[in-house]
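Report on one structure; see the data block that follows.
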């Protein structure tokens with residue numbers, strides 16, 4: 001049995017393309033803006049028209065979801081890295 005998988009060019013992320021990210025953090029008005037700023041700083045193009053938020057049941061946390069355009073995998077990965085490094089962001093999906 002062959003345990004090595006061959007990556008198919010038709011599977012996985014396709015670049016350039018539009019992707020969606022969700023950043024979670026403590027509820028604050030600054031979180032939405034921070035997500036947009038960090039995405040732009042990573043070299044991807046966030047689409048503010050797609051931004052949506054959702055409060056946690058208790059209202060302590062906020063999920064910020066937005067779509068962004070990325071030319072390549074390096075920029076995509078940089079966007080996630082910048083979000084994860086931001087002190088207001090606790091985790092990303």
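A short reminder: the numbers here are calculations on the coordinates, not readings from a lab. Everything numeric here is computed off the predicted structure, so don't read it as measured data. Here the Cβ is made from the backbone with ideal geometry for all residues, glycine too, and neighbour counts use every protein chain on show.
What to note about this one:
- Here the mean projected area of the convex hull built on the C-alpha positions of the chain is 7.9 nm².
- Between residue 14 and residue 55, residue separation times 0.36 nm minus the direct Cα-Cα distance comes to 11.7 nm.
- Taken along the Cα-to-beta-carbon direction at a fixed 7 Å, the label points for residue 41 and residue 73 span 2.6 nm.
- The angle separating the long axis of helix 73-85 from the principal Cα axis of greatest extent in the chain is about 30 degrees.
- Between the range 64-93 and the range 29-45, the Cα center-to-center distance that results, in Å: 8 Å
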